[in-house]
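Below is one structure; the comments refer to it alone.
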Amino acid sequence: MQEKKQEMATKNPKKANLLDHHSIKHILDESVSEIVTSRGYVEDFRMSNVRLFMGSIIIVIALVAQFYKKKFPENRDFLIGCIVLYVVFNGLLQLIIYTKEKNAILFTYPPKGSYTSTGLVVSSKLPRFSDDYTLSIASADPKSISAGKPVQFTRSVTQWFTKDGVLVEGLFWKDVEALIDDYAGEPKKNK
């Protein structure tokens, strides 16, 4: 695994615009996803698929309303129905995003051969005008008996980026892997 980290760092360094916090957060979130999946966790796409399905329904409703064969005065009731459906499905989509996803960047299944029956929810925050990046790992099913205690860290992004905006992946990998080990309850390695 150490060879993979070194190979990735020398082959394709990740560079962010240090003046754009969205760029920084995107690079860090992308790296977190790589780290978690490299540890044996398989990404769970069900939530993304539900969002895509709901978005597709919303688009179909809008297209049907736009291209309905009758003109306005005749299709007034049909258009009102389409508008109501559009609002309802958009509301459901926003409710799913607000209640289930929150700041989640990754949902996973449990690793193969693991005694736990729940995957992970990995969330991150990088507030605007702040350099404090917060990474949280929690159970995908917090009510499960095998759910671990949620863990998080908050660190300044300045320790992971050079002045040119290149991510120092070794330092970031070390911090994220320590957080994953902390969640899994594995003892810290002495180096």
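The values are calculated or read from the model by the stated rules, or taken from the named source; none is laboratory data. These numbers come from a predicted model, not from an experiment. Neighbour counts are summed over all protein chains in view; Cβ atoms, including those assigned to glycine, are modelled from backbone coordinates with ideal geometry. These accessible areas exclude ligands, DNA and RNA; they are computed on the full protein's heavy atoms, side chains included. Shrake-Rupley method; radii C 1.70, N 1.55, O 1.52, S 1.80 Å.
Worth pointing out:
- On the beta carbon distance between Lys102 and Asn17, with R0 = 41 Å, the FRET formula returns roughly 0.95.
- Net charge in the neighbourhood of Lys25 (other residues with Cβ under 12 Å of its Cβ; Lys, Arg +1, Asp, Glu -1) is -3.
- Between Tyr133 and Arg155, Ser156, Val157, the built amide H atoms are under 5 Å apart, and every one of these is 5 or more places off in sequence or on another chain.
- Long-range amide H partners of Ala140 with built H, under 5 Å: Gly119, Leu120, Val121
- Within straight-line cross-link reach of Lys25, aspartates and glutamates at Cα separation under 13 Å, skipping those fewer than 8 residues along the same chain: Asp131, Asp132
- Of (i) 56, 34, 32; (ii) 61, 37, 31; (iii) 76, 45, 29, the label for Cα extents along the principal axes in Å derived from the coordinates: (iii)
- Each of Lys149 and Asp182 was given a label point 7 Å from its Cα along the Cα-to-Cβ line. The distance between the two points is 1.1 nm.
- Solvent exposure, largest accessible area first (probe 1.4 Å, DNA, RNA and ligands not counted), of Leu106, Leu19: Leu19, Leu106
- Of the DSSP H helices in the chain, those whose Cα atoms cover at least 27 Å axially and whose Kyte score averages 0.0 or more: 46-66, 76-96
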